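Some notes on the structure that comes next.
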Amino acid sequence: MREMKHQVDFCVVGGGLAGMCAAISAARHGAKVAIMQDRPVFGGNASSEIRMWVCGARGKDTRETGIVQELMLENWYRNSEHVYSIWDSVLYEKVRFEPNITMMLNCSCNQAEMDGNRIKSIKGWQLTTETWHTVEAKIFADCSGDGILAPLSGAEYRIGREAKDEFGEQLGQDQEDKHTMGMSCLLEARELNRPVKYTPPSWAFTFKTNADLPNREHDFRRTNYWWIELGGDQDSIHDTEELRDELLKIAFGVWDHIKNQGDHGAENWSLDWVGFLPGKRESRRFIGDHILTQVDVQNEGHFDDIVAYHGWGLDDHHPGGFHYRGKPNIHPLCPSPTGIPLRSLYSFNIENLMMAGRNISASHIALSSTRVMASCAVIGQAVGTAAAVAVRHGFTPREAARQKIMEIQNRLMEDDCWIPWHERSIPELSREAELRASEGDPEPLRNGVDRPIGEVDNGWRGGPGSWVEYSFDEVKPVKMLRFVFDSDLDRTISGARVMSLYSQHPFDLAPLAPPECITKAFRIEAQDDRDEWEVVHEEMNNYQRFIRIQIEFTAKAVRFVPLETWGAPEFHLFAWDVR
């Protein structure tokens, strides 16, 4: 068989949103990156293979930004009809065409070569090309979900639920056990203009009445059937194929119940898709220098080394899953946002191993909140950024956490990754300039907070014909412009506060489109030493919240002139830097 070798700075195993964001972030910060993904598409639980909604922190204006926001806005712009293949293409291109990334799809990591307590290389089998890929790297990140590098490297990990008294967790168990949350196969349905019959397979289960589905909401217009769940009381890794078979029997049987067992208003609805790849919630969890706990969550996670946040709620599923006839989950709310420390994102005993996603260093109860994908994505971006900083300085992740945490935090905030209770550094040129506007107060544009916090807007608003201007005491060189526009951090899809695609497709499903409040068109004007103004840049089709413009000119003053939004009556801007 063919063998290929790769030498990189940073190697990511797993291509879900966490792994993608880790790889992209590190590459954009100059690291040479390889990403090994065992599926043909990126996105993990968010991909067309599983189709779980991308959820994140609850609460007003807490939506995750950074790379995950970039992905969502790209999808909203290009994918008006909620097509999963288009969403897959958005995820694919963000990795495939990012400089500094070597991409290996359909490649399953199954070996690791160690050098003491360091991973020297990993090896994966690429089914499509019959090729063994060996990757040597300075730092590795396990973003695989199941944490495959734990058994391969000897990294310490946990499986199961802790006892209450271990960490003082109110929601813990009386005694620890090996149970986890289960895995699900989801359904999608589509409304047609005519009645549609459904014939279930002979091997599907039969659910004749609603009493056969106790405590399971099955209004197909409102749910994606996340409760078709099994495996928490079995082995959530090694029993996956067996569990998939049972989940499919349930899934096709549930649709038979909706179509054929009673009147559910589904006469014109067709089963459009069934997931044959289960979406997992929990398996291995690495042990880092800090194990995130329910107590940390309740105290909001005010860590010195905070690099990400969550706030979904403590959404703990019963290990019995579908076979448990009570409520399938508990979901007490937790503070939102709640911080996540860098010390929970690297292994305590393998010195060059990091992790992002549902396998981070957290107790079972804390995991029930951190595991949702928008949270995993910002964790991934934090890991990629920290890895790039560590490589640049020749540090291990632990050394970077101790010696370069402010640099890591500043880089994340500069990349529009919000870190609660922190302010972004303002570049000197912006900080020392005079800032004025045709209307309103522009000072919040350089306060280092790029979103509303509580009742404080932290932005500037202007109407048609408005402008914002930086002026200097002498002609200055300008090399870069940085903008953060309002993208409506509380937006929804058909009333659901999800970030990717909706699961059911009625005739009246609203098309996706960029949020109306984003500034679509604007120009940049520069004033020379003769007080004459010249247009140095124009943008007529912006649909992103966060953009950087690399540009070179000299000016005594620089003016931002917004021209058009995607539909909102006023312009709303959270940050504008010149440097």
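The values are calculated or read from the model by the stated rules, or taken from the named source; none is laboratory data. Everything numeric in this text was worked out from a predicted model, so none of it was measured. Neighbour counts run over all protein chains shown; Cβ positions are idealised from the backbone, glycine included.
Checking each residue in the range 338-375 for being part of a helix (DSSP H, G or I), within 19 Å of residue 313 (Cβ to Cβ) and either of a type in the set (A, V, I, L, M, F, W, C) or outside the structural domain of residue 44 (by TED's automatic domain parsing) (or both) picks out 365, 366, 367, 373, 374.
When the range 244-257 is filtered for residues that are surrounded by fewer than 22 Cβ atoms within 10 Å (Cβ to Cβ) and either touching a Cys at 6+ places or on another chain (Cβ under 9 Å) or aliphatic (A, V, I, L, M) (or both), the ones remaining, listed by number, are 244, 248. Residues that are over 30 Å from residue 391 (Cβ atoms) and aliphatic (A, V, I, L, M) were ranked within the range 401-453; the one that is surrounded by the most Cβ atoms within 10 Å (Cβ to Cβ) is 445. Residues in the range 415-431 that are outside any loop (DSSP other than H, G, I, E, B) and either touching a residue at least 24 places away in the same chain (Cβ under 8 Å) or not charged (D, E, K, R) (or both): 428, 429, 430.
So for the range 532-546 (the condition being among the basic types (Lys, Arg) and in a strand (DSSP E or B)), does at least one residue qualify? Before the answer, list the steps.
Taking the range 532-546 first, the residues among the basic types (Lys, Arg) are 545.
Okay, now just the ones that are also in a strand (DSSP E or B), so none.
No, the range 532-546 contains no residue that is among the basic types (Lys, Arg) and in a strand (DSSP E or B).
Taken over the range 125-148, the criterion of being part of a loop (DSSP other than H, G, I, E, B) and either in contact with a helix residue (DSSP H, G or I) (Cβ under 8 Å, 6 or more places away or on another chain) or not assigned by TED's automatic domain parsing to the domain that holds residue 7 (or both) is satisfied by 143, 144, 145.
Any idea which residue in the range 203-243 is surrounded by the fewest Cβ atoms within 10 Å (Cβ to Cβ), counting only those that are in a loop (DSSP other than H, G, I, E, B) and touching a strand residue (DSSP E or B) at 6+ places or on another chain (Cβ under 6 Å)? Write out each step before concluding.
So the first thing to find is which residues in the range 203-243 are in a loop (DSSP other than H, G, I, E, B), and the list is 203-209, 213-228, 231-239.
Of the ones still in play, those that are also touching a strand residue (DSSP E or B) at 6+ places or on another chain (Cβ under 6 Å) are 220-221, 225-226, 228, 231.
Numbers: 220: 24, 221: 14, 225: 24, 226: 19, 228: 29, 231: 30.
The selected residue is 221.
Before we move on, is residue 261 surrounded by fewer than 23 Cβ atoms within 10 Å (Cβ to Cβ) and in contact with a Leu (Cβ under 7 Å, 6 or more places away or on another chain)? So residue 261 fails the test.
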